[in-house]
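The structure appears below as structure tokens.
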Amino acid sequence: MNRTLRRFFRRRHTQVSEIESAATDGYLALLVLDREILPGKRRYTMAQLADRAGTDLTTAKSIWRAVGFPDLPEDLPGFTDDDVRVTQSFLNTLATSELGFTDLDTSLTITRVLGSALATVADAVSETAAERFRLAHNSGMNDEELATMLADQSQLDQLVDQVNYLFRLQLRAALWRRLAFPETGQGGSIPGSIGFVDLVGFTALSEEIGESELSGLVRRFNDMAYDTVARANGRVVKTLGDAVMFVAHAPEIVADIATQITTKSMTDPSLPNARAGIAEGALLARQGDYFGSVVNLASRLTDMARPGTVLAPAEFGAQLTNDPRFNVRRVGRRRVRDIGRIDICTIELTLS
């Protein structure tokens, strides 16, 4: 092993046995990434972590599980000084919140949401890393050469800086959304409009095409949806493979998003036709997601929509009749699964 890698691992408290195993099994480059991300020496068991952080073992385990990881073996020193520091910081926020005492259950809930969201971010980053590994190996670079390059050219600090900045942007926007509504209900409901868009026939199509083509299709659809939602001043709540859930503060914004995406899908030969369902009313907001009868209605209308169409309650469409961008057509009363019979309309973009 070259001097650069040995120096890298020594500075990050990596045991010789770990380095030798990685070299033998061909994952030196992965070990470089592992130690670049978490460079501290693994000193403490879970019980020792709890003791040093000033808490009990049960609470320490609860925090670790909330992050998204299982309990470690009792005698395994899997934690570093950074783990102790962050655990202490977590516990300190319970008593020093500017808005008063924060209970443990609430903090654990936030930790679960944050852990889940960052796991999604980490998965996306790992996909890119895996592709770069593949390209490097295909070009003839061996594991030690790739490991040396990674040790010399880490971009982790830039990535962490981006995550920190993006979180601050999103937190500011979320606080304005939640706290600027004087009519927010005590139960956490907020007024808003919600929509779903999915690709018709996606399940059958996924059985017919290869993994690479399927991955490219999903990426293209998601990229198009995210861009359309952001342009219209909406927000993507989540993606579910072939479906996107989005929210906005006004019905015309959700209508614009739904009609734009369905129209684009009709003219994109690489995508199946999309369909959408939209609704408005009181949305129950919990942990970054939305629930309630309005959400259920939008989802059911999506299932009922034909390829390339957008369905909405007639009351929703009535608010768009004076908007020249939309053509609203009354469909009549239809039975909506688990909801009952309601008046429905279709919403289309006006042809210019």
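Looking across the stretch 338-352 at every residue that is of a type in the set (Asp, Glu) and surrounded by fewer than 17 Cβ atoms within 10 Å (Cβ to Cβ), the one that is modelled with the highest pLDDT is identified as ASP343. The residue of the stretch 146-167 that is surrounded by the most Cβ atoms within 10 Å (Cβ to Cβ), among those that are small (Gly, Ala, Ser) and at pLDDT below 90, is ALA151. Here ARG219 fulfils each of the conditions (1) part of a strand (DSSP E or B); (2) within 23 Å of the chain's Cα centre (by Cα); (3) not hydrophobic (A, V, I, L, M, F, W, C) apart from (1).
In the stretch 252-269, the condition of being farther than 26 Å from ARG286 by Cα, in a helix (DSSP H, G or I) and of a type in the set (Lys, Arg) is met by at least one residue. Where strands (runs of 3 or more DSSP E) fall entirely within the stretch 270-352, those with at least 3 residues that are assigned by TED's automatic domain parsing to the domain that holds VAL236 and within 23 Å of the chain's Cα centre (by Cα) are at 274-286, 289-291. Filtered by the rule that a residue be assigned to a loop (DSSP other than H, G, I, E, B) and within 23 Å of GLY115 (Cα to Cα), the stretch 13-42 gives LEU38, PRO39, GLY40, LYS41, ARG42.
Which residues, counting only those in the stretch 252-265, are touching a Leu at 6+ places or on another chain (Cβ under 7 Å) and under 11 Å from SER193 (Cα atoms)? Listed by number, the residues that qualify are GLU252, ALA255. Screening the candidates THR239, THR267, THR263 for the property of being touching an Asp or Glu at 6+ places or on another chain (Cβ under 9 Å) and either of a type outside the set (Asp, Glu) or without any contact (Cβ under 8 Å) to a residue 24 or more places away in the chain (or both) yields one hit, THR263. Flag not set for MET1, criterion: in contact (Cβ under 8 Å) with a residue 24 or more places away in the chain and in contact with a Lys or Arg (Cβ under 8 Å, 6 or more places away or on another chain). With the structure loaded, tell me whether ARG177 is of a type in the set (Lys, Arg), closer than 23 Å to ALA276 by Cβ and either in a helix (DSSP H, G or I) or within 22 Å of the chain's Cα centre (by Cα) (or both) or whether it fails that test. Yes. Looking at the structure I just gave you, is SER21 under 24 Å from LEU156 (Cβ atoms), loosely packed, with under 15 Cβ neighbours inside 10 Å, without any contact (Cβ under 8 Å) to a residue 60 or more places away in the chain and among the polar types (S, T, N, Q)? Yes: the conditions hold for SER21.
The values are calculated or read from the model by the stated rules, or taken from the named source; none is laboratory data. All values derive from a computational prediction rather than experimental measurement. For neighbour counting, all protein chains shown are included, and Cβ atoms are generated from backbone atoms with ideal geometry for every residue, glycine included.
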